[in-house]
Amino acid sequence: MTETTQTQIATLAALLAHRPATVFFGGAGVSTESGIPDFRSAAGLYAAQNVYGYPPEELLSRRFFERETALFFRYYKENLIAKDAKPNAAHLALTELERRGLLRAVVTQNIDGLHQAAGSQKVLELHGSNWRHYCVRCRAKYGLDYLLHPAAMREGVIPLCEKCGGVVRPNVVLYGEGLDEDVVAQAMREIARAELLIVGGTSLAVYPAAGLLHYFRGNHLVLINKSETAYDGVADLVIRESIGAVLGAAVERLNA
């Protein structure tokens, strides 16, 4: 890391050491460091269009799920499930900050469950989780294993409910669907109460989730992202480095 980055990390560690009410808001960049590709990236967009014939926004839409169910599940299983992915340095650092009482909550746009796998307790999943599934007919609940190894399938890829035969879908927010109102309300409250808001691994371009930053009224906004965001100009600290490296180094400084 450059000397400038190290100075920025020292500033972040000093902010955390004062034990303000801190909330972390994260996006796809947190998960990419665990080897989970961002389907919104240029490579993801190209692959979706060329392999499946549609852009991700259409493949992952409510309308597509209902009308092209088999292709929806093919794309979903091949691109959005990373069962063997492990938490990275960012997830572990956030868990440690929570354990020390330095982090109130994690608000995430990711659906991979890696924050919980790392040990974080208060995780608000704005877009749901691909570890949870339910039958669209009888609402019976299923885990990820059932989606990968269902007792019954239609067209070789569509998981069916063992109780009523309905389609079992992932408990994630598809394009064309609204966010869970309870989760959004909790996220709004946490961000509104935060004195320090750390935003990492997101370009803040995906709405309505990115709009939650409008509720922040605290003292310090820190952005950790390799590319520019619309909020760079109002942030107190902007660090253009790996989210895992930055958070990991900040925790190490707290240990010193």
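The values are calculated or read from the model by the stated rules, or taken from the named source; none is laboratory data. Here the structure is a predicted model, which means the values were calculated and not measured. In this analysis, Cβ positions are derived from the backbone assuming ideal geometry, glycine residues included, and neighbour counts consider all displayed protein chains. Protein only, heavy atoms only, side chains kept; ligands, DNA and RNA dropped before computing areas. Shrake-Rupley method; radii C 1.70, N 1.55, O 1.52, S 1.80 Å.
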Selection within the stretch 195-228 - free of Cβ contacts under 8 Å to residues at least 40 places away in the same chain and either in contact with a strand residue (DSSP E or B) (Cβ under 6 Å, 6 or more places away or on another chain) or open to solvent by 30 Å² or more (accessible area, probe 1.4 Å) (or both)
205, 207, 208, 214, 215, 216, 217, 221, 223, 224, 227, 228
Looking at the stretch 16-33, which of its residues are surrounded by fewer than 21 Cβ atoms within 10 Å (Cβ to Cβ) and either under 25 Å from the mean Cα position of the chain (by Cα) or at pLDDT 95 or above (or both)?
19, 20, 21, 32, 33
From the list 120, 61, 129, pick out the single residue that is among the small types (Gly, Ala, Ser), more than 25 Å from residue 225 (Cβ to Cβ) and open to solvent by less than 30 Å² (accessible area, probe 1.4 Å).
61
Residues (open to solvent by 20 Å² or more (accessible area, probe 1.4 Å) and either out of contact with any helix residue (DSSP H, G or I) (no Cβ under 7 Å at 6 or more places or on another chain) or among the polar types (S, T, N, Q) (or both)) located in the stretch 2-15
2, 3, 4, 6, 7, 8, 11, 14, 15
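Does the stretch 44-58 hold any residues that are under 19 Å from the mean Cα position of the chain (by Cα) and either at positive phi or surrounded by fewer than 17 Cβ atoms within 10 Å (Cβ to Cβ) (or both), and which are they?
Restricting attention to the stretch 44-58, the residues satisfying the condition of being under 19 Å from the mean Cα position of the chain (by Cα) are 44-45, 56-57.
Those that are under 19 Å from the mean Cα position of the chain (by Cα) and either at positive phi or surrounded by fewer than 17 Cβ atoms within 10 Å (Cβ to Cβ) (or both): 44, 45, 57.
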